[in-house]
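What follows is a single structure, written as structure tokens, with notes after it.
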Amino acid sequence: MDFKTFVFYMFATIMILASLRVITARNPVHAALFLVLAFFTAGGIWMLLEAEFLAITLVMVYVGAVMVLFLFVVMMLDINLDRIREGFWSYLPLGAAIGLLMVAEMVIVLGGSYFGLDSMPEPPAAAAGYSNTRELGRLLYTEYVYPFELASLVLLVAMVAAVALTLRHRKGTKSVNPSQQIAVKRNDRVRMVSMPTEKE
Amino acid sequence: MNFVVPNFAPAYAELFVAAMGVVILLVAVFLKQSARPFAYLASLATLLGAAFITWYTMDGQVSYTFGNMYIDDLMGDVLKLMVYFAMAVTLLYSRGYLTDRKMDRPEYFVLATFATLGMMVMISANHLLTVYVGLEMLSLSLYALVAFDRDSARSTEAAMKYFVLGALASGLLLYGMSMVYGATGSLELSGIAQAIYHQAGNRTVLLFGLVFLMAGIAFKLGVVPFHMWVPDVYHGAPTAVTLLISTAPKLAAFAMTMRLLVNGLFELADQWQAMLMFLAIGSIVLGNIAAVAQSNIKRMLAYSGISHMGFMLLGLLSGVVDGDSRLALNAYGSAMFYAVVYVLMSLAAFGMVILLSRAGFEAENIDDFKGLNKRSPWFAAMMMFVMFSMAGVPFFVGFFAKLAVLQAAVAAGYVWLAVLAVMMSLIGAFYYLRVVKVMYFDDPLDASPISASADLKLVLSANGLAIAVFGLMPSQLIESCVAALAGSF
């Protein structure tokens with residue numbers, strides 16, 4: 001076993017254990033942190049595949065942005081664990097049977113006989129000056145421009161949906177609109193009243 | 001580094017709809033009072049414009065662009081025209097309903113426009129990536145539309161269920177796609193077909209991927225055993241959104257099935273036909289039996305939709321017999337005809353539910369149709385046309401749709417399957433006829449005359465009459481479906 005294989009198995013073992021803990025941890029904050037660990041090890045495996053840019057993006061986007069946001073939400077929500085666990089034992093036999101069946105099928109198909117080195121030969125290593133990031137950028141903006149632009153529209157749809165579902169204009173709040181406050185003129189606030197002079 | 005700028009011409013309709021979606025969004029922000037009518041009229045104009053573009057660029061040629069990710073063929077063009085039509089009718093029917101419930105915000109129409117774009121992308125997809133992106137664009141818009149009535153707990157619950165199950169189905173679909181890619185080394189559907197044709201090995205991996213692909217497809221079609229979301233979402237969503245979900249997306253799901261299974265994995269037809277057979281039997285049996293027990297008409301139509309999708313699969317599963325694909329064109333043509341007819345009937349059925357609803361009242365129970373004949377003999381007759389057509393009573397268009405798929409099944413040698421389907425549709429006739437019975441023989445619970453805008457009444461009448469008229473001359477519609485498919489093979 002060379003060093004690369006050793007690193008792969010180490011990352012793979014940690015990832016599987018972390019993923020298992022994500023679904024078994026009692027505390028949702030712990031579950032989220034284990035998910036972060038799973039993402040880190042997945043990034044490590046991608047690094048072994050020479051997909052450096054993807055590995056760094058995974059860590060930056062998922063760990064840095066998505067999971068931090070997720071942790072905030074989890075900490076702010078009052079999650080009732082007992083209600084989530086309701087019905088666990090009654091669903092377990094059916095769920096476990098289907099799950100085991102699927103795992104067995106996957107082991108049969110995904111084992112070495114179909115995905116081994118003889119049927120899926122190892123791709124040649126990239127040359128020294130090869131830039132993964134550059135190639136990805138080139139492909140994204142040329143050959144894959146159609147799905148890339150469509151994906152940006154999917155994100156737009158998600159934004160529109162989020163605003164449509166959550167934005168509420170409340171009436172009667174005492175909040176002040178800063179731009180209106182800055183734009184105020186003297187004439188809006190002060191009224192000059194000419195009064196006849198009065199004697200006495 | 002030799003990159004050729006792709007030919008945009010085949011995709012003008014998609015570009016137009018995408019641009020209009022953004023334009024509607026931007027302009028509606030700056031309009032204060034008139035944003036709502038503007039968004040409605042602009043989204044109708046978008047559909048009309050897209051229909052013009054598709055109509056004028058329609059030729060019998062198959063052309064590819066964007067590095068073979070986009071396919072422009074006759075089947076796609078015809079299905080797109082049907083999608084525009086279904087979406088336009090949906091928006092027309094929904095207008096009054098949305099205004100009464102203060103749901104006609106511009107976002108509704110923006111999301112509907114992007115849903116249309118998602119369907120167009122799915123219909124023209126020639127690449128696993130575009131299939132998936134189109135599907136997500138459609139699904140995301142639909143999740144948001146289901147929850148659009150924000151203060152209704154039932155809508156929110158329905159949207160949540162739809163979202164969680166839909167995300168799971170997308171995950172299964174993606175996993176299947178990754179397996180197919182692993183086995184064939186191509187993401188492009190024609191490339192996949194060629195790879196399977198040339199190499200006999202790795203069948204097991206392909207079949208494993210096919211199972212997951214099939215799970216995703218079955219979820220989007222809403223067939224047993226991936227049907228659990230259908231009744232809850234149809235029931236929970238505002239009726240206007242139920243109308244939207246039950247019509248045009250079914251055409252897109254049909255197109256996705258055709259692209260993935262026929263364009264991509266045709267060599268595996270023996271295997272996927274067997275899977276489709278299980279799905280079809282389950283859907284026809286469960287859909288028809290469960291619908292009998294429903295008292296809510298939206299749930300009843302949901303179960304009836306499940307059984308209709310099962311009937312449509314009868315056409316798709318009888319294309320190849322013992323490796324002989326001579327019957328394929330007729331079989332897939334009958335399935336496409338069934339999908340088109342189902343959309344026509346579903347538009348009218350949910351249109352009737354909208355017609356009888358008014359501000360503060362949802363006519364969603366079968367009891368609300370009681371004595372409709374005394375309130376409006378004309379619309380009672382229209383509803384009767386729809387119900388007879390869905391039940392498959394002769395000389396309505398639904399009869400010919402059922403006849404076409406059953407003929408395809410019999411021609412492929414599945415006589416027992418056709419007999420089972422006929423038996424189940426006899427059970428199904430009970431609940432369709434029950435609606436006709438309460439309309440004509442029961443006393444109305446509420447004798448107020450029907451208050452709806454003139455355009456809704458007019459289009460709904462035309463829709464009901466179309467069901468009757470196409471029943472008198474179905475051959476042209478069937479032939480045009482077969483002709484549309486003929487160009488794609």
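The set of residues in the stretch B:44-64 being within 26 Å of B:GLY264 (Cβ to Cβ) and open to solvent by 10 Å² or more (accessible area, probe 1.4 Å) consists of B:THR57, B:MET58, B:ASP59, B:GLY60, B:GLN61, B:VAL62, B:SER63, B:TYR64. Contact map, the stretch B:113-130: first residue facing chain A (nearest Cβ under 10 Å), second residue among the acidic types (Asp, Glu) and in a helix (DSSP H, G or I), Cβ cut-off under 7 Å, separation 6 or more or different chains; pairs are B:LEU117/B:GLU14; B:VAL121/B:GLU14.
Checking each residue in the stretch B:419-436 for being surrounded by 15 or more Cβ atoms within 10 Å (Cβ to Cβ) and free of Cβ contacts under 8 Å to residues at least 40 places away in the same chain picks out only B:ALA429. Screening B:ALA51 with (1) in a helix (DSSP H, G or I); (2) within 13 Å of chain A (Cβ to nearest Cβ); (3) of a type outside the set (Asp, Glu) gives one miss only, at (2).
In the stretch A:122-151, the residues that are in contact (Cβ under 8 Å) with a residue 24 or more places away in the chain reach residues that are open to solvent by 70 Å² or more (accessible area, probe 1.4 Å) with C-beta atoms within less than 7 angstrom, at least six apart or across chains, in these pairs: A:ALA126/A:GLU50; A:ASN132/A:GLU50; A:ASN132/A:GLU52; A:ASN132/A:PHE53; A:THR133/A:PHE53; A:LEU136/A:PHE53.
Scanning for something among the acidic types (Asp, Glu), assigned to a helix (DSSP H, G or I), open to solvent by 60 Å² or more (accessible area, probe 1.4 Å) and within 14 Å of chain B (Cβ to nearest Cβ), does the stretch A:67-90 turn up at least one residue?
Within the stretch A:67-90, none of the residues are among the acidic types (Asp, Glu), assigned to a helix (DSSP H, G or I), open to solvent by 60 Å² or more (accessible area, probe 1.4 Å) and within 14 Å of chain B (Cβ to nearest Cβ).
Candidates are the residues of the stretch A:117-130 that are within 12 Å of chain B (Cβ to nearest Cβ) and not hydroxyl-bearing (Ser, Thr, Tyr); the one that is nearest to B:SER178 (Cα to Cα) is A:MET120. Could you grab me the full set of residues in the stretch A:133-154 that are over 14 Å from B:VAL121 (Cβ atoms), more than 8 Å from every other protein chain (Cβ to nearest Cβ) and surrounded by 15 or more Cβ atoms within 10 Å (Cβ to Cβ)? Correct list: A:LEU136 only. Considering the stretch B:324-375, the residues that are outside any helix (DSSP H, G or I) and of a type in the set (Lys, Arg) include one that is most open to solvent (accessible area, probe 1.4 Å), namely B:ARG326. State yes or no: is A:LEU58 open to solvent by less than 50 Å² (accessible area, probe 1.4 Å) and in contact with a Gly (Cβ under 8 Å, 6 or more places away or on another chain)? So A:LEU58 passes the test.
B:LEU445 meets each of the listed conditions (1) assigned to a helix (DSSP H, G or I); (2) over 24 Å from B:LEU313 (Cα atoms) apart from (1). Apart from one condition, B:LEU458 fits all of (1) more than 29 Å from B:GLY287 (Cα to Cα); (2) in contact (Cβ under 8 Å) with a residue 24 or more places away in the chain; the exception is (2).
Please state which of the following conditions A:GLU143 fails to meet, knowing it meets all the rest: (1) more than 30 Å from A:LEU54 (Cβ to Cβ); (2) in a loop (DSSP other than H, G, I, E, B). Going through the list (1) more than 30 Å from A:LEU54 (Cβ to Cβ); (2) in a loop (DSSP other than H, G, I, E, B), A:GLU143 breaks only (1). Restricted to the stretch B:1-42, and to residues there that are among the charged types (D, E, K, R) and more than 10 Å from every other protein chain (Cβ to nearest Cβ), the residue that is least open to solvent (accessible area, probe 1.4 Å) is B:ARG36. The single condition among (1) open to solvent by 10 Å² or more (accessible area, probe 1.4 Å); (2) in contact with a helix residue (DSSP H, G or I) (Cβ under 7 Å, 6 or more places away or on another chain); (3) within 22 Å of B:LEU15 (Cα to Cα) that B:LEU117 does not satisfy is (1). Checking B:ASP149 against (1) part of a loop (DSSP other than H, G, I, E, B); (2) open to solvent by 40 Å² or more (accessible area, probe 1.4 Å); (3) touching a residue at least 12 places away in the same chain (Cβ under 8 Å); (4) at the interface with chain A (Cβ under 8 Å from one of its Cβ atoms): exactly one of these is not met. Which one? B:ASP149 satisfies every listed condition except (4).
Among the residues of the stretch B:463-473, those identified as part of a helix (DSSP H, G or I) and over 20 Å from the mean Cα position of the chain (by Cα) are B:LEU465, B:ALA468, B:VAL469, B:GLY471, B:LEU472. Might you check whether a residue that is under 19 Å from B:GLY287 (Cβ atoms) and either in contact with a Lys or Arg (Cβ under 7 Å, 6 or more places away or on another chain) or open to solvent by less than 30 Å² (accessible area, probe 1.4 Å) (or both) occurs anywhere in the stretch B:407-416? Yes: one or more hits.
Among the residues of the stretch B:329-373, those identified as among the aromatic types (Phe, Trp, Tyr) and in contact (Cβ under 8 Å) with a residue 12 or more places away in the chain are B:TYR332, B:PHE337, B:TYR338, B:TYR342, B:PHE350, B:PHE369.
Reported count of residues in the stretch B:155-193, each being over 22 Å from the mean Cα position of the chain (by Cα), open to solvent by less than 20 Å² (accessible area, probe 1.4 Å) and closer than 29 Å to B:GLU362 by Cβ, is 0.
The values are calculated or read from the model by the stated rules, or taken from the named source; none is laboratory data. The shown structure was predicted, so the numbers you read here are calculated from the model rather than taken from an experiment. Using ideal geometry, Cβ is built from the backbone for each residue, glycine included, and neighbour counts are taken over all protein chains shown. Just the protein is used for accessible areas: all its heavy atoms, side chains included, with ligands, DNA and RNA removed. Shrake-Rupley method; radii C 1.70, N 1.55, O 1.52, S 1.80 Å.
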